[in-house]
Amino acid sequence: MEIELIIAFISLGAVVGFLAGLLGIGGGLVMVPVLTSIFIWQGIPQEQVVHLALGTSIASIVITSISSMRAHHRKGGVLWQVVRLMAPGIIVGAFLATFVAAVMSSTILGMFFSCFLVYASVQMFLNMKPKPTRVLPGKPGLFAAGGVIGSISALVSIGGGTLTVPFLSWHNIDVKKAIGTSAAIGLPISVAGTLGYLVNGLSADLNIDYVFGFIYLPGVILISMMSFLTASLGAHVSHLLPVPVLKKVFAVLLLGLAIKMISSVV
């Protein structure tokens, strides 16, 4: 690996981990646009560049999701019964969505991701929170909700918090429990998505060293290592800085990333 590439992955991991700890957001929203630019710079074929970014990003989330899940579990913030009922739908939805992604062009995938970035940006800037007006559905309803959340999360390579927290809050779940439960749900999303992008990328034959399916292993290792180290720093700094203001700044950054993503793939 070129030293510039190593520095790029380490820097990306450091930023992603810090933001996760500071603002409680998943890294995929930042990783996918940046990875897309890095892979384009590497000369990855245009028709596969977003697929590789999505697979590498979601694989990088596995380690951080385990860490986040354990932290919330220690604080009693995970509703494990909800996790058990949603996990099957999450796994099926996330895994099958990678098959859909595999047949989509990088342009369509990039535009879909950019639209999701705009949604996440608006949600964060306006601090949109659904009014708790319902109770949780039964087993079939939670399976279906898990399927939808897993599918969209795999298509945009996120841990699901942007979708899971509002869903649970809408159903009268305390926000702290919703965040903790969402953190636990991030693990099956990332694992199923990683397996899906691994399987679907085997036929792509990218012929690049250390690429397995749609996953670039050195990137996963370096990003995961640094994000794990800097997440605690971000969590510490969150108690010292005005997080609501920072979220608005980050929301504007997401809009910039959406524009960058579109310009990279169109």
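The values are calculated or read from the model by the stated rules, or taken from the named source; none is laboratory data. Keep in mind the model is a prediction, meaning the values are calculated, not measured. Cβ placement follows ideal geometry from the backbone for every residue including glycine, while neighbour counts extend to all protein chains displayed. All accessible areas refer to the heavy atoms of the entire protein, side chains included, with ligands and DNA or RNA removed. Shrake-Rupley method; radii C 1.70, N 1.55, O 1.52, S 1.80 Å.
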Per residue, how much accessible surface does the chain expose to a 1.4 Å probe? Answer in Å², no decimals.
46 Å²
Packing-based ranking, highest mean first, of 200-207, 155-162 given that Cβ atoms within 10 Å are counted:
155-162, 200-207
If you roll a 1.4 angstrom probe over the protein chains with everything in place, what fraction of the accessible area of the range 2-148 belongs to carbon and sulfur, to the nearest %?
71 percent
Listed highest first by mean packing, meaning other Cβ atoms within 10 Å per residue, what order do 43-56, 128-141 come in?
43-56, 128-141
From the Cα gyration tensor of the range 161-226, with a ≥ b ≥ c the square roots of its eigenvalues, which class applies: rounded if a/c is under 1.5, or else prolate if a/b is larger than b/c, or else oblate?
prolate
Measure of exposure for residue 170: accessible area at 1.4 Å probe, Å² rounded to 10, is 90 Å²
Per residue, how much space in cubic angstrom lies within the convex hull of the C-alpha atoms of the range 122-246?
134 Å³
Potential extension, residue 115-residue 74 segment - 0.36 nm per residue separation minus Cα distance
11.2 nm
Across 10 Å bins beginning at 0, the whole-percent shares of Cα-Cα pair distances in the range 71-150 come to 15, 28, 41, 15, 1
Let me know the whole percent of all Cα-Cα pairs from the range 126-185 that are separated by more than 20 Å.
20 percent
Across the range 14-23, in residue order, what do the Karplus-derived ³J(HN,Hα) couplings come to in whole Hz, using 6.51 cos²θ - 1.76 cosθ + 1.60 with θ = phi - 60° and x for Gly and Pro?
5, 5, 4, x, 4, 5, 4, x, 6, 10
Can you report the principal axis dimensions of the chain using only the alpha carbons, biggest first, rounded to whole angstrom?
49, 43, 31
Name the residues whose placed amide hydrogens come within less than 5 Å of the amide hydrogen of residue 216, ignoring near sequence neighbours (fewer than 5 apart) on the same chain.
56
Output the 0 to 90 degree angle, nearest 10, between the alpha-carbon long axis of helix 139-156 and the longest principal axis computed from the alpha carbons of the chain.
30 degrees
If you count, for each residue, the other Cβ atoms within 10 Å and average over each peptide, how do 109-115, 1-7 line up from highest to lowest?
109-115, 1-7
Just round it to a whole percent: the fraction of Cα-Cα distances in the range 1-131 exceeding 27 Å.
28 percent
Which whole-number percent gives the relative contact order of the range 92-235, counting Cα pairs below 8 Å spaced six or more residues apart?
28 percent
Long pairs among 176/260; 131/247; 75/139; 139/247; 177/248; 176/248, criterion Cα-Cα beyond 29 Å:
176/260; 139/247
For the chain, calculate the relative contact order in percent as a whole number, restricting contacts to Cα pairs under 8 Å that are 6 or more residues apart.
38 percent
Give me the percent of the accessible area of the range 163-259 that comes from carbon and sulfur atoms, probe 1.4 Å, all protein chains in place.
73 percent
So for the pair residue 253, residue 229, with labels modelled 7 Å out along Cα→Cβ, what separation do we get in nm?
1.9 nm
Sequence-separation-based contact order of the range 62-174, relative, with Cα cut under 8 Å and 6+ spacing, percent:
42 percent
